[in-house]
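This report refers to the structure that appears directly beneath it.
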């Protein structure tokens with residue numbers, strides 16, 4: 001079947017066309033535009049592109065998925081007030097896409113969508129209970145429980161970055177000492193400044209570790225231990241088969257994995273750890289495209 005997808009972000013928005021057969025995805029076409037101007041203008045450009053591609057290829061769309069940062073109302077198909085996507089505030093994007101493309105459309109939080117993507121097409125294939133963690137600019141989760149995406153009563157399930165790990169510490173999700181404070185791009189920058197006095201980010205720390213800097217490796221270990229302790233909370237509550245983490249974890253896997261597993265072993269129930277796999281995300285920089293298509297193909 002052929003599906004359309006929209007990956008809506010603060011800097012750029014993309015439209016994707018793809019065929020999905022079983023667990024395989026074949027990308028057909030993609031168009032990216034800057035997130036500038038009214039949301040209707042952006043969506044017009046992208047939907048026109050998709051209609052043209054479908055006509056040229058003789059394809060009929062089976063569905064459309066829209067991935068976007070929250071807050072949003074997935075049930076109503078309305079983006080609410082995302083801080084990095086002001087031009088889309090209160091935009092009824094699923095209704096727009098359905099009228100423009102003539103197929104059903106669904107809207108999903110980007111962390112949930114990325115969780116679906118890694119479950120269907122990436123590192124989580126074959127599992128029924130999987131946690132996906134963004135571990136990038138922020139720390140959010142997509143929860144696959146009993147073979148389905150779990151979003152909660154108000155589409156707020158997976159806001160794991162709000163968990164408090166320490167009484168004080170780097171600020172993430174408006175809370176000092178939070179999971180996101182220790183395990184996100186912004187939080188790591190704060191943590192490193194508190195430890196070194198330098199204005200250093202995760203990328204610089206990674207480059208120093210790669211160059212053989214023992215202090216950088218030790219700092220990654222501190223981050224990894226806290227990552228594992230945060231994961232232990234999720235493991236004890238949700239008992240997943242696999243945890244898949246993207247972005248910073250996938251890049252710095254060599255420096256984070258052992259420490260994270262050590263932190264998990266310190267805090268989690270041994271029975272819950274039996275057979276647990278902690279995996280780097282597999283879909284890389286293209287995860288946004290996979291995520292948008294996964295929403296449509298997963299409904």
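Within 10 Å of each residue's Cβ, count the other Cβ atoms and sort 150, 173, 3 from fewest upward. Provide the component values of the computation, followed by the final result.
On the way: 150 16, 173 19, 3 26.
Arranged by neighbour count, lowest to highest, 150, 173, 3 become 150, 173, 3.
What number, rounded to the nearest 500 deg cm²/dmol, is the helix-based mean residue ellipticity at 222 nm of the chain, given -39500 (n - 2.57) per DSSP H run of at least four residues and division by all its residues? Intermediate values should be presented prior to the final figure.
On the way: 11 runs with 125 residues, N = 299.
My calculation for the chain gives -13000 deg cm²/dmol from helical runs alone.
If you find the alpha carbon centre of region 223-283 and of region 123-180, how far apart are they in angstrom?
For region 223-283 versus region 123-180, the Cα centre distance is 12 Å.
Do you know the relative contact order of region 146-225, to the nearest whole percent, from alpha carbon pairs under 8 angstrom that are 6+ apart? If you can, show how the numbers build up before the last one.
On the way: 99 pairs, mean separation 12.5, N = 80.
Result for region 146-225 is 16 percent.
Angle check, please: helix 110-121 long axis (alpha carbons) against the longest principal axis of the chain (alpha carbons), in degrees 0 to 90, nearest 10.
Long axis of 110-121 versus the principal axis of the chain: about 90 degrees.
Taking only Cα atoms, what is the 0 to 90° angle, nearest 10, from helix 253-267's long axis to the longest principal axis of the chain?
For helix 253-267, the angle is close to 70 degrees.
Contact order normalised by length for the chain, with contacts defined as Cα pairs under 8 Å and 6 or more residues apart; what percent is it?
Working: 662 pairs, mean separation 55.8, N = 299.
Relative contact order for the chain comes out at 19 percent.
Each label point is 7 Å from the Cα along the Cα-to-Cβ direction; what then is the distance between the points at residue 81 and residue 36, in nm?
Between residue 81 and residue 36, the simple spin-label model gives 2.7 nm.
How high is the relative contact order of region 126-281, in percent, with contacts defined as C-alpha pairs under 8 Å that are six or more residues apart? Working shown, then result.
On the way: 302 pairs, mean separation 34.5, N = 156.
After rounding, I find 22 percent.
Report the gain in length on full extension from residue 285 to residue 27: 0.36 nm times residue separation, minus Cα-Cα distance, nm rounded to one decimal. Let's see the in-between values first.
Details: separation 258, 0.36 × 258 = 92.88 nm, distance 1.45 nm.
Taking residue 285 through residue 27 to full extension adds about 91.4 nm, to one decimal.
From the list [x] 1.19; [y] 0.97; [z] 0.99, can you say which value of Rg/Rh (Cα atoms, Kirkwood Rh) was derived from the structure given?
Comparing each candidate, only [z] matches the computed number.
Mind pulling the angle between the C-alpha long axis of helix 287-298 and the longest principal axis of the chain? Nearest 10 degrees, somewhere in 0 to 90.
Between the helix axis and the principal axis of the chain, the angle is about 60 degrees.
Read-outs: derived from the displayed coordinates by stated rules, not from any lab. Quick caveat: nothing in here was measured; it's all calculated off a predicted structure. All Cβ positions, even for glycine, are placed from backbone atoms using ideal geometry, and neighbour counts span all protein chains on display.
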